[in-house]
Amino acid sequence: MEPKEIQLGIISENKLYIAYYNFSDKSWKIDETTKDVDVWSNKEIAKKLPKIEEDHHVVITDDEDEFEIYAYGISEDMFNQYVEELKEAGYEEDTASKSHFESKSLDGNIIDAWYYEEDSRLSISIEKE
């Protein structure tokens, strides 16, 4: 079975562009919406997360009550190091596994970190309860 579509992320001048290739009609489409790359939020909730050393990151959600990024170029060792940094920052482990860390802080924020080995990607989110 042939795939219907493939999505490619292209980074240029700190912007992420998404290009789609449709296999059935052999056409390309570039999404007009872009995302900033490697720009950390200045909102208070984002400041509660330690920054991670990565190849690139893209902010997925940047609201007053929630902040989420995808960090790319992440190894399992880097994920484990980031979990240690979260613990050092005062986040106690509620749920943890080889690829997941979750914590609820005393001030009511929920931290969620998921490591995706096949993508070398880490999803990090913080949100107010």
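Restricting the range 61-73 to residues that are farther than 12 Å from residue 122 by Cβ and within 13 Å of the chain's Cα centre (by Cα), which is surrounded by the fewest Cβ atoms within 10 Å (Cβ to Cβ)?
We begin by selecting, within the range 61-73, every residue farther than 12 Å from residue 122 by Cβ; these are 61-67.
Then drop every residue that is not within 13 Å of the chain's Cα centre (by Cα), which leaves 61-62, 66-67.
Details: 61: 14, 62: 17, 66: 17, 67: 24.
Per the stated criteria, the residue is 61.
Based on what the data block shows, is residue 84 among the acidic types (Asp, Glu), at pLDDT below 90 and either surrounded by fewer than 16 Cβ atoms within 10 Å (Cβ to Cβ) or within 22 Å of residue 39 (Cα to Cα) (or both)?
No.
With respect to the numbered conditions (1) in contact (Cβ under 8 Å) with a residue 24 or more places away in the chain; (2) of a type in the set (Phe, Trp, Tyr); (3) in a loop (DSSP other than H, G, I, E, B), which one is the sole condition not fulfilled by residue 91?
(1)
Might you let me know whether the range 1-24 holds any residue that is out of contact with any strand residue (DSSP E or B) (no Cβ under 9 Å at 6 or more places or on another chain) and modelled with pLDDT of 90 or more?
no
Can we say residue 74 is in a loop (DSSP other than H, G, I, E, B), touching a Phe, Trp or Tyr at 6+ places or on another chain (Cβ under 6 Å) and in the same structural domain as residue 92 (by TED's automatic domain parsing)?
In short, no.
Can you name the number of the only condition in (1) modelled with pLDDT of 90 or more; (2) surrounded by 12 or more Cβ atoms within 10 Å (Cβ to Cβ); (3) not polar (S, T, N, Q) that residue 44 fails?
(2)
Report the residue count in the range 50-60 for those that are crowded, with 17+ Cβ neighbours inside 10 Å, in a loop (DSSP other than H, G, I, E, B) and not β-branched (Val, Ile, Thr).
1
Just one of 52, 30, 126 is under 17 Å from the mean Cα position of the chain (by Cα) and at pLDDT below 95; which is it?
52
Can you tell me which residue among 103, 99 is buried (at least 17 other Cβ atoms within 10 Å of the Cβ), among the small types (Gly, Ala, Ser) and outside the structural domain of residue 9 (by TED's automatic domain parsing)?
103
Among (1) assigned to a loop (DSSP other than H, G, I, E, B); (2) under 30 Å from residue 92 (Cβ atoms); (3) out of contact with any strand residue (DSSP E or B) (no Cβ under 6 Å at 6 or more places or on another chain), there is one condition residue 47 misses while meeting the rest; what is its number?
Against the list (1) assigned to a loop (DSSP other than H, G, I, E, B); (2) under 30 Å from residue 92 (Cβ atoms); (3) out of contact with any strand residue (DSSP E or B) (no Cβ under 6 Å at 6 or more places or on another chain), residue 47 comes up short only on (1).
Only residues that are within 20 Å of residue 66 (Cα to Cα), free of Cβ contacts under 8 Å to residues at least 60 places away in the same chain and not in a loop (DSSP other than H, G, I, E, B): list them for the range 94-109, please.
95, 100, 101, 102, 103, 104
The values are calculated or read from the model by the stated rules, or taken from the named source; none is laboratory data. No experiment lies behind these values; they were computed from the predicted model shown. Ideal geometry is used to build each Cβ from the backbone, glycine not excepted, and the neighbour counts take in all protein chains shown.
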